[in-house]
Each structure stands twice: as structure tokens, then as C-alpha cells.
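Asks: Pasting in a structure now, in C-alpha cells, and then I'll have a few things to ask.
Coordinate-derived values only; no laboratory data. No experiment lies behind these values; they were computed from the predicted model shown. Neighbour counts run over all protein chains shown; Cβ positions are idealised from the backbone, glycine included.
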Amino acid sequence: MFETLEQALQILGLGWGGVFLVMLVIYLVSMLLTKLFPPAKE
């Protein structure tokens, strides 16, 4: 019983960790692109 719960929590942690890792990568790439190509001023 507890072994299955422990495995489920490990998988849950990996899933959420992956989600936040991808969000962090997207954020960092968008910041880098903003620095490289600043928005045009009107």
C-alpha cells in the first residue's frame, strides 16, 4: 500500500518538476530574446 503511494508521489513530483522546468526554460528564452531583439520604439 505505502510502496504504491510512494511511487505515485515520486511520479507526481517528477511530472510537476518537469512542468516547472519547461516554464522556466520558456521564461529564460523569452528574456534572452527580449535582450537580443528589443521592442521597436514608436
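Asks: Any idea how many residues of region 3-42 are more than 8 Å from the chain's Cα centre (by Cα) and assigned to a helix (DSSP H, G or I)? Steps first, please.
Replies: Initially, region 3-42 is screened for residues more than 8 Å from the chain's Cα centre (by Cα), giving 3-16, 27-42.
Pick out the ones that are also assigned to a helix (DSSP H, G or I) and you get 3-16, 27-36.
Residues that pass the stated criteria total 24.
Residues checked against (1) small (Gly, Ala, Ser); (2) surrounded by 10 or more Cβ atoms within 10 Å (Cβ to Cβ):
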| site | (1), (2) |
| --- | --- |
| THR4 | no, no |
| LEU9 | no, yes |
| GLY13 | yes, yes |
| GLY17 | yes, yes |
| LEU21 | no, yes |
| TYR27 | no, yes |
| LEU36 | no, no |
| PRO39 | no, no |
| GLU42 | no, no |
